[in-house]
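Peer 1: Handing you this structure, nothing more for now.
Here, each number is a calculation from the coordinates, and none is a lab measurement. Please read all numbers here as calculations on a predicted model, not as lab measurements. Neighbour counts run over all protein chains shown; Cβ positions are idealised from the backbone, glycine included.
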Amino acid sequence: MGKKQEKRQYLLKSATLAEAYDKFAAADRVKSLSEEVALLRALLQERLDLIENSSVAVASTEAINNIIKSIERLEVRSFELEQKSNRLLPKATLFNLADQIVKLLLDELKNLPDSERIIDTIATKLTKLIENAE
């Protein structure tokens, strides 16, 4: 029994399934959830593309609703995991950090000629980066 198999919760007889299991088990949870949301969105689009008339739309309602609920649950969970792992910082925190960086630069580079103009340019660029961050 290999080292990976010793760590598995499930013993898988299929080599293909075991390989896939190892790949997915090693994935970053947040990234994995994002990819699974993308997969569900693709499945939702496929399901919506099958609708050709109102009777098919009505018949598809439950399946479509289930996919939408799954997407929502995964997005909420992904957001929670990102917050717990400190991958998301509020923009106010980022602006505060940028302000502290600019102050450090001003203090350290004050003796350089034209340092205020250079630091002002850096501050403007930092502000734009934070404003455009998603």
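Peer 1: Going 7 Å from the Cα of residue 42 in the Cα-to-Cβ direction, what parts of region 56-90 have a backbone nitrogen less than 12 Å from that spot?
Peer 2: Nothing falls inside the zone, counting backbone N under 12 Å.
Peer 1: To the nearest 20 debye, what is the magnitude of the charge dipole of region 91-132 about its Cα centre, counting +1 on the Cβ of each Lys and Arg and -1 on the Cβ of each Asp and Glu?
Peer 2: 160
Peer 1: Here is a follow-up. How large is the convex hull of the Cα atoms of region 91-132 per residue, expressed in Å³ as a whole number?
Peer 2: 41
Peer 1: Using a 7 Å offset from the Cα along the Cα-to-Cβ direction at both residue 83 and residue 16, what is the distance between the two label points in nm, to one decimal?
Peer 2: The answer from the label model is 4.1 nm.
Peer 1: Roughly how many nanometres apart are two label points built 7 Å out from the Cα toward the Cβ at residue 117 and residue 73?
Peer 2: Those two pseudo-labels are separated by 6.0 nm.
Peer 1: Can you compute the charge dipole magnitude of region 37-94 about its Cα centre, using +1 on each Lys and Arg Cβ and -1 on each Asp and Glu Cβ, nothing else charged? Give it in debye, rounded to the nearest 20. Kindly include the intermediate steps, with their values, before the conclusion.
Peer 2: On the way: 8 positive and 8 negative charges, 79 e Å.
It works out to roughly 380 debye.
Peer 1: Checking the table 84/128; 69/125; 84/125; 23/84; 23/69 against a 32 Å threshold on Cα-Cα, which pairs fail?
Peer 2: Beyond 32 Å: 69/125.
Peer 1: Excluding residue 58 itself, what net charge comes from residues whose Cβ is under 15 Å from its Cβ, given Lys and Arg +1 and Asp and Glu -1?
Peer 2: -1
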